[in-house]
1. Work out how far the C-alpha atoms of chain B reach from end to end along every principal axis, then list the three figures in whole Å, largest first.
2. I'd like to know which of A:177, A:164, A:68 lies farthest towards the positive end of the charge dipole of segment A:3-276, counting +1 on Cβ of Lys and Arg and -1 on Cβ of Asp and Glu.
3. Could you give the angle, 0 to 90 degrees to the nearest 10, between helix B:40-55's Cα long axis and the longest principal axis of the Cα atoms of chain B?
4. Restricting attention to the alpha-carbon atoms of segment A:3-276, what are Rg (one decimal) and Dmax (integer), both in Å?
5. If r is the Cβ-Cβ distance from residue B:275 to residue B:146 and R0 is 45 Å, what FRET efficiency results, to the nearest 0.05?
6. How many partner chain Cβ atoms sit within 10 Å of a residue's Cβ in peptide B:196-208, on average, as a whole number?
7. How large is the dipole of the protein assembly as shown about the Cα centre if only Lys and Arg carry +1 and Asp and Glu carry -1, each at its Cβ, rounded to the nearest 20 debye?
8. Where does each of A:287, B:26, B:194 land when they are ranked from fewest to most other beta-carbon atoms within 10 angstrom?
Amino acid sequence: MSIELIIGILNIVLISTTPLVFAGIGELVTEKSGVLNLGLEGLMLVGAVTGFITLVITGNYFYSLFLSIISGVILSGIFAFLVLNLMTNQIATGLALTIFGIGLSAMLGKKFGGTPIDGLNPYYFIVISFLLVFFVAYFLSKTKTGLIVRAVGENHNSAYALGYNVIKTRYLTIIFGGVMSSLAGYYISICYAPMWQEGMTAGRGWIALALVVFATWKPWRLLVGAYIFGGVAIMQMNLQAIGVKLPGQFFNMMPYLATIIVLVFISSNKLRLKLSAPSSLNIPFAKNQ
Amino acid sequence: MLRKILTILSFLAVISVSAVHADQKKIGFIYIGPPGDHGWTYMHDQGRIYMENALGDSISTTYIENVPENADAVRAIRKLAASGHDLIFTTSFNYMDQTLEVAKEFPDVKFEHATGFKRMDNVSTYSARFYEGRTIIGHIAGKMTKTNTIGYIVSFPIPEVIRGINAFYLAAAKVNPDVKIKIIWNYSWYDPGKEADAANTLINQGADIIVQHTDSYAPCQAAEKAGVLAFGQASNQEAFCPNSHMTSIEDIWGPYYAAKAQAVVDGTWSSEDTWHGFKDGMVEMSPYNTKLLPLDLILEAKNMETAIENGTLHSFEGPIYNQAGELVVKEGEVADDGMLASMMFYVQGIDGEVPQ
């Protein structure tokens, strides 16, 4: 293999993995505070379509990025209100958010599908994604606020008794996750495949969710996991193009399979499970308990 | 008094509306992707709109989009059949068994299954001879490639796709015996990101022409960005990649859909197998890009179209060998429709194996 070929492969891996890093790191922070948001796919699609439409109308990348982020704030804000204040079931609400996002993005984008745009250089976002992982890892382990987030996720009643505002913390982490998903969607429709087409995220939100479990809720592992998932997908394409016969269907299910294996592995040991998963994940919190 | 008159009037209006609609035929469509994909589903939807315009008030149409090719398809098709549709088009190969399953339950409803080969008294099949278009683009690719490497992105290993690869390769190798094709199977019809990855991977491995048999225009866009050439798929994709798009193979479903809907309105519908190509206008080539292609090559391509139309040229003319070196089509003969419809092997010269 020549150097050019290897650099080319790395380039494609970087470009295709970045949306997973964005969505995954956002969801990781949300889950660390004890909230499971299954709405990533919907958030990504709405972020993608909002950015795309704004870019087509204004021609300004800054506005499009800004509105895409706002869409994430609004949608995840609604999700936060439902699960935190009204204490709806997180799984059902998250699924509803995904289904809603798929429909909403399709409706908004109806007139804009097939409008050609000039894509943005993906490298800005690739650099930002690495910085984000670094920032989140530092935040969760070295800052007081990060420890509060983790305390809220581990045991919200104790955190509340210590005087921390559980609801406010979770609002912020949910909105952070929502914004990251929007960024992932924005990246897909503006940099990765510069276009708008319905359902164009094609299940990447679900892979990002799987990734968080695969990474056992650790930021650096999430980065490594994302590049394993992305790298394997691109490597199998390269091997195919060289003429090596591979079971392509197998590689399509690989991220999910790997996640199940990790789940089996960490659930087989109660202590390991305790150390990895936030204990209050998916448990609603009521102040007057 | 006024209110009474209004009530009576509105009652009459309802009756007259339902009288108009009483013999209106309901026609349903099942789509694999969204109508906005600017590829496969987009062209079926264009066909639906053409049919609506052609038949006017005698029909009304519905469609269900993004229907997966699994048990969900049965539910979607059954939903249309149970809600009074007279004719249902299922527009993807892997809806085949699902279409038959529902067709057995609803013998009075007519079904039209695209690109399949299983028929019943109330199930017709129809397809277009896309491979004729692939012969044209193969010829162009063979003459235009400088690296003698062509990247080919495909969805699923089904006869239609494999036939396309073979037709493309035979035409390309005829004018350029050194040509090699690199094939990537994506195992999805529609995933713009993955299609772009595949295109970039192929370009990275030296392909200077990108051919696709998937549904989004991402590969063409990736080719544009990398400065290599490409062919579009299903619809004219020139707007998305003006400096790399040489031509597209377009699927023209409208006239066929209108004819079948008319047959249902007239009560003359019968189960049949339709397989039309250039000759009947079901396949067309988008305008050749004069900025990229030399004029004499465009003329050659147009002459080939005419030759295929009047039968003097066939995409699968013998002698054709399979990868094992066995003669599958004898010299002086052409592959019959039976062989084409079930084609699951690569012809000699293509590297790699057909995935199982």
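1. For chain B, the Cα spread along each principal axis is 86, 41, 38 Å.
2. The residue sitting most towards the positive pole is A:164.
3. Approximately 40 degrees, to the nearest 10.
4. 18.7, 62
5. Once rounded, the FRET efficiency stands at 0.80.
6. 6
7. Value, rounded to 20: 3280 debye.
8. A:287, B:26, B:194
Every number in this text was worked out from the coordinates using simple rules, so none of it is lab data. No experiment lies behind these values; they were computed from the predicted model shown. All Cβ positions, glycine included, derive from the backbone under ideal geometry; neighbour counts span all protein chains shown.
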